[in-house]
Amino acid sequence: MSDDELYPIGDAARRSGLSVSAVRFYADIGLIDPTALNEAGHRMYDVHAIARLELVRTLRELGTDLDEIRRLLEGGTTLHDLLTTHLEVVERQERTLRARRAVLRALIKQGGTTAQAALMHKLVSMTDEERERIIDDFWTGVGESLDVPEGFVDRLRTMRPVLPSDPSAAQLEAWIELADLVSDAGFRDAVRTYLGDAYSAPEARPLATEPFQDFIHGSGASLMEELLAAYRAGEPPRSARAQQAVVRFMEAATALSGTPLTPEVRDRMADGYRRIPAILRELAEEEPAAAYDDTHGRYLSLVARINGTAVEEDHDSIPYAWIADAMRHRFDR
């Protein structure tokens, strides 16, 4: 194919993969003009015009509209920018299609009315920003006039749902339930009341401070996991491994209040751990426990299901007596 050679519209169409009518249409709207007209007035195209026709075909197959293509050909944008923008559009379409697929799977699995299908698709098709806004609005409402240590609500706000791009039916159901709850003023007020009752009392306020929360959700959890790893490995509570782990845990815990880890403190902590099973049984029968399950606990449970991190909490599987024995024993390091 020569740069100087001219080709009739039929050849230009065949070489570019377009129909003759499409090539003629692009010429009529001024998108790709013919290179020249022959003596009979027929349109002729050189290799450069055919290359542009091929580009137009490719972009149209990708769903690019004619105005965007015109800006590209006229130099108003670059091919890189055009393709980058179009990729963003395609990725949004892909997320939408995945959401529709998930909704259809969920509806087929559990059945449902037309109204439920519409609601499910609306919630799942929300942008990430819209989902974030729903959760932020909820925690902003919960935090209004809530008498708890500064920063506590902001920490609670970080525990939020992240719906995957291809959610399961269970994750969809959990998100729908959560979205309904956080939009309910009654649920928001119930969560605020529970948190206020649980953390506003003088003896409970320290638990909501940043150092305690960092310990509970960060370093303390890691240290406790080290201790449980020793238990799962079959170590006796008086073994060197168990003692090293339990001492690290107790030292970090007592450091929060500036209390030295004396033998007396070890005994008190051991007694406390030994009483935990009985305390949990008592709490299960009291209203505060039910209040947690119906408010903040329900929120956290749904978030865990949406995020795929839900774990059955089994207090009976935690070796409180073993931990208490390890805490009470004195190991000479």
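Ignoring ligands and nucleic acids, what accessible area does T58 show with a 1.4 Å probe (Å², nearest 10)?
60
What percentage of the solvent-accessible surface of the range 166-278, computed with a 1.4 Å probe over protein heavy atoms, is contributed by carbon and sulfur atoms?
Taking all protein chains in place, the range 166-278 shows 54 percent carbon and sulfur surface.
Quick one: ranking T127, T114 by accessible area, 1.4 Å probe, largest first, what do you get?
The ranking, largest first, comes out as T114, T127.
Specify the inter-centroid distance of the range 5-39 and the range 174-232, based on alpha-carbon positions, in whole Å.
68
Probe of 1.4 angstrom, ligands and nucleic acids ignored: what's the accessible area per residue over the range 136-274, in square angstrom?
Each residue of the range 136-274 exposes 50 Å² on average to a 1.4 Å probe.
For R100, what accessible area in Å² do you get when you roll a 1.4 Å probe over the heavy atoms of the protein chains, rounding to the nearest 10?
Probe radius 1.4 Å; accessible area of R100 about 120 Å².
Take each of the peptides 177-184, 35-42, average the number of other beta-carbon atoms within 10 Å over its residues, and list them starting from the highest.
Result, highest mean Cβ count within 10 Å first: 177-184, 35-42.
If R₀ is 56 angstrom, what is the calculated FRET efficiency for the pair R238 and D184, using the beta carbon separation as r and rounding to 0.05?
Computed FRET efficiency for R238 and D184: 0.60.
Per-residue accessible area for F212 at 1.4 Å probe radius, Å² rounded to 10?
My reading of the accessible area for F212 is about 50 Å².
Looking at the range 199-252, which GluC sites (Glu not before Pro) are DSSP coil and have at most 13 other C-beta atoms within 10 Å of their C-beta?
Those that pass, being in a loop and sparsely packed, are E203.
What's the extension gain from A252 to E226 if we count 0.36 nm per residue and subtract their Cα-Cα distance?
Length gained between A252 and E226: 8.0 nm.
Give me the 1.4 Å probe accessible area per residue for the range 1-93, excluding ligands and nucleic acids, in Å². Display every interim value, and only then the final one.
Values: 5600 Å² over 93 residues.
Result: 60 Å² of accessible area for each residue.
Over the range 55-97, with every protein chain in place, what whole percent of the accessible area is carbon and sulfur at 1.4 Å, could you tell me?
Details: 1510 of 2910 Å².
Carbon and sulfur: 52 percent of the exposed surface of the range 55-97.
If you rank H80, H329 by how much accessible surface each has, with a 1.4 Å probe, what is the order from largest down?
Most to least solvent-accessible, the answer reads H80, H329.
In terms of solvent-accessible area of protein heavy atoms at a 1.4 angstrom probe, what is the ranking of L31, L66, highest value first?
L66, L31
Multiply the residue gap between L37 and V90 by 0.36 nm, knock off their C-alpha separation, and tell me the result in nm, one decimal place.
Details: separation 53, 0.36 × 53 = 19.08 nm, distance 3.88 nm.
Result for the pair: 15.2 nm of gain on full extension.
The values are calculated or read from the model by the stated rules, or taken from the named source; none is laboratory data. These numbers come from a predicted model, not from an experiment. When we count neighbours, we look across all protein chains shown, and the Cβ atoms used for this are built from the backbone with ideal geometry, even at glycine. Quick note on the areas: whole protein, heavy atoms, side chains included, nothing else; ligands and nucleic acids left out. Shrake-Rupley method; radii C 1.70, N 1.55, O 1.52, S 1.80 Å.
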